[in-house]
Amino acid sequence: MILSADQIAKQNLKHETLHQNNFGFLEEKLTGEGIHLSEIMAQLAAFQVAIPSWALGTGGTRFGRFSIGGEPINLMQKIEDIGVLHALTQNAGAVSLHIPWDKVDNYPELKEKANTLGIAFDAMNSNTFQDQKEQPYSYKFGSLCNVDPAIRQQAVNHNLEVIEIGKKLGSKSLTVWLADGSNFPGQNNFQEVLKNTLDSLKHIYKALPEDWKLFIEYKPYEPNFYSMVIPDWGTSFMLANQLGPKAYTLVDLGHHLPNTNIEQIVATLMLQGKLGGFHFNDSKYGDDDLSVGSIKPYALFLIFNELVYGMQENKNNPYPAWMIDASHNTKDPLEDLLQSIEAILTAYAKALLVDQKAVKKAQASHDVVLAQELLKKAYQTDVRPLLAEVRRLQKGALNPLAAYRQLNIRQQLIDERGKDTVASGL
Ligand SMILES: [Mn+2]
């Protein structure tokens, strides 16, 4: 289904008066504090977060999966769902594909469809954590790290194929996340599997077009529980440095052990110009894949504070590729994504409100209390009217979630696609 600007404008009428009052109040307050709102609003409008093609259906755990109905059964329908998210929020203008799940026969047709909905193709994701029917070798004991050169070659070839598909769609980056690792002591020789991984990545890097980037994602545990070959940002950073200037580290919020200071990792990578990609989600324990900002919204703000600082100060670091990487097991995936997009933009807006000069001054005079208060002040600002105004100016919804519900979009999708459809992916 395609959502028109007229349908959204009609929904906006219901909230118009209240919004004008709320925004007017906030605008006066922030302008009075010397904040240049138009600059911040332009940055918020420009922010586009990619939606992964595998997040549009209901996710599951190893225990079960509960379908929501009306799930997209092919990539065209997934693109349409992202079109709905983008029409409502104006911040979801990109998709991230996973190969082989998202292979199609006609790539120009796919590109055309996405273009008409204002959706670009962000990073391509390879998959060497599952075996595919037609492949001769198994990844059970690793892919790029495997002790068997034939298995490594198969995994390298898969990544080269993903690059070729990406080229057809206008993507400019490849994300490599490896499930490689071991479950028991003695299973792997740590040095050997890391060396093999670097060697395999070198082959992939060589095939990368000049204007592409390679993102290396890390994860401390799961699916392997004793060791992962790329368990942390340090290993990813080392590999990226050894590969060359087109290779970067990718930070996924869920891929850290509890209480890790992720904002410090962000700062370190940006200082080195090596933060390439970013995956949003939230968690209580590990890679829980919960809606962004649902558990630790202040941590998300602190992370964005470092991202904003880095985007302003570390010009050697490229503009990061943003993506939501979550699994929607209990909610309507589209509602969950709307909540995540709102949480991301909220944290970004608050970080943009931080008085960086005043923070620097407080730090220079060792005024710990003031430095902390300056961050808190920005964090406690209610930026919802600001985000609504940015959306309104671009013909998005004042309240995307309310519009989604009032327009009965899930029911329409069920009517259109059926109750028992199952999306491909996780
Ligand atoms: Mn991820």
## Note on the structure
Listed residues Asn189, Asn317, Asn127; largest mean-square fluctuation, Gaussian network over the chain with Cα springs below 10 Å, found at Asn189
### Task
Taking every pair of alpha-carbon atoms in the range 255-355, give the share separated by more than 19 Å as a whole percent.
41 percent
### Task
Can you tell me the relative contact order of the range 1-112? Whole percent, Cα pairs under 8 Å, sequence separation 6 or more.
32 percent
#### Entry: Within the chain, helix-based [θ] at 222 nm, where runs of 4 or more DSSP H residues each add -39,500 (n - 2.57), nearest 500
-15500 deg cm²/dmol
### Message
I'd like the Karplus ³J(HN,Hα) series for the range 238-246: coefficients 6.51, -1.76, 1.60, θ = phi - 60°, whole numbers in Hz, and an x wherever there's a Gly or Pro.
### Response
4, 5, 4, 5, 6, 6, x, x, 8
### Task
Show the residues, 5+ positions off or on another chain, whose built amide H is closer than 5 Å to the amide H of Met228.
Ser182
### Summary
Counting only residues 5 or more apart in sequence or on a different chain, those whose built amide H sits under 5 Å from that of Lys213 are Ser173, Leu174
### Query
Based on the Cα gyration tensor of the range 137-186, what are the three equivalent ellipsoid semi-axes, each the root of five times an eigenvalue, rounded to whole Å and given largest first?
26, 12, 6
### Query
Suppose every K and R has +1 on its Cβ and every D and E has -1 on its Cβ; what is the size of the dipole of the range 353-412 about the Cα centre, in Debye to the nearest 20?
300 debye
### Query
Quick one: Phe141, Phe237, fewest Cβ neighbours within 10 Å first, how do they rank?
Phe141, Phe237
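Over all distinct alpha-carbon pairs, what is the Kirkwood Rh of the chain in angstrom?
Values: mean 1/r = 0.0444 Å⁻¹.
So the Kirkwood estimate lands at 22.5 Å.
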### Query
Once phi is turned into θ = phi - 60°, what whole-Hz ³J(HN,Hα) does the Karplus curve with 6.51, -1.76 and 1.60 give for every residue of the range 399-407, x standing for Gly and Pro?
10, x, 5, 5, 5, 4, 6, 5, 7
### Query
Which ³J(HN,Hα) values in Hz, rounded to whole numbers, follow from the phi angles of the range 192-202 under the Karplus curve 6.51 cos²θ - 1.76 cosθ + 1.60, where θ = phi - 60° and Gly and Pro get x?
5, 5, 5, 4, 4, 5, 4, 4, 5, 4, 4
### Query
What percent do you get for the relative contact order of the range 178-258 when only Cα pairs under 8 Å and 6+ apart count?
36 percent
### Summary
Taking a ≥ b ≥ c as the square roots of the Cα gyration tensor eigenvalues, with a/c under 1.5 meaning rounded and otherwise prolate when a/b beats b/c or oblate if not, the range 183-310 comes out oblate
### Query
Which residues make up the longest stretch of the chain clear of trypsin sites (Lys or Arg not before Pro) that lie in a DSSP loop with no more than 12 other Cβ atoms within 10 Å, not counting the sites?
141-283
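Relative contact order for the range 212-278: what is it in percent, counting Cα pairs under 8 Å that are at least 6 residues apart?
35 percent
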### Task
Can you give me the three principal axis dimensions of the range 1-118 from its C-alpha atoms, in Å, biggest first?
54, 34, 30
### Task
Please state the charge dipole magnitude for the range 106-226, taken about the Cα centre, from unit charges on C-beta atoms (+1 on K and R, -1 on D and E), reported in debye and rounded to the nearest 20.
120 debye
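Give me the net charge of Leu387's neighbourhood, meaning all other residues with Cβ under 15 Å from the Cβ of Leu387; Lys, Arg count +1, Asp, Glu -1.
On the way: positive: Lys350, Arg384, Arg391, Arg392, Lys395; negative: Glu27, Glu342, Asp382, Glu389.
Once positives and negatives cancel, what remains is +1.
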### Query
With a ≥ b ≥ c the root eigenvalues of the C-alpha gyration tensor of the range 212-279, is it rounded (a/c under 1.5), prolate (a/b larger than b/c) or oblate?
oblate
### Task
Please find, in a Gaussian network model of the chain (springs between Cα atoms separated by less than 10 Å), the residue of Asn106, Asn408, Asn22 whose mean-square fluctuation is greatest.
Asn106
### Query
Measuring from centroid to centroid over Cα atoms, what is the spacing of the range 219-296 and the range 75-93 in Å?
27 Å
### Share, in percent, of DSSP beta bridges within the chain that are antiparallel, nearest 5
15 percent
### Query
All other residues with a Cβ under 15 Å from the Cβ of Gly244 taken together, and with Lys, Arg as +1 and Asp, Glu as -1, what is their net charge?
+2
### Query
Can you give the charge dipole size of the range 78-173 about its Cα centre, rounded to the nearest 20 debye, using +1 on the beta carbon of Lys and Arg and -1 on the beta carbon of Asp and Glu?
180 debye
### Query
Measuring from centroid to centroid over Cα atoms, what is the spacing of the range 382-426 and the range 2-47 in Å?
18 Å
### Message
For Ala321, what residues show an amide H to amide H distance below 5 Å, using hydrogens built from the backbone and excluding near sequence neighbours?
### Response
Gly277, Phe278
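FYI, it's all coordinate maths here, none of it is from the lab. Computed from a predicted model, the values in this text were never measured in an experiment. With ideal geometry, Cβ positions are generated from the backbone for all residues, glycine too; neighbour counts draw on all protein chains shown.
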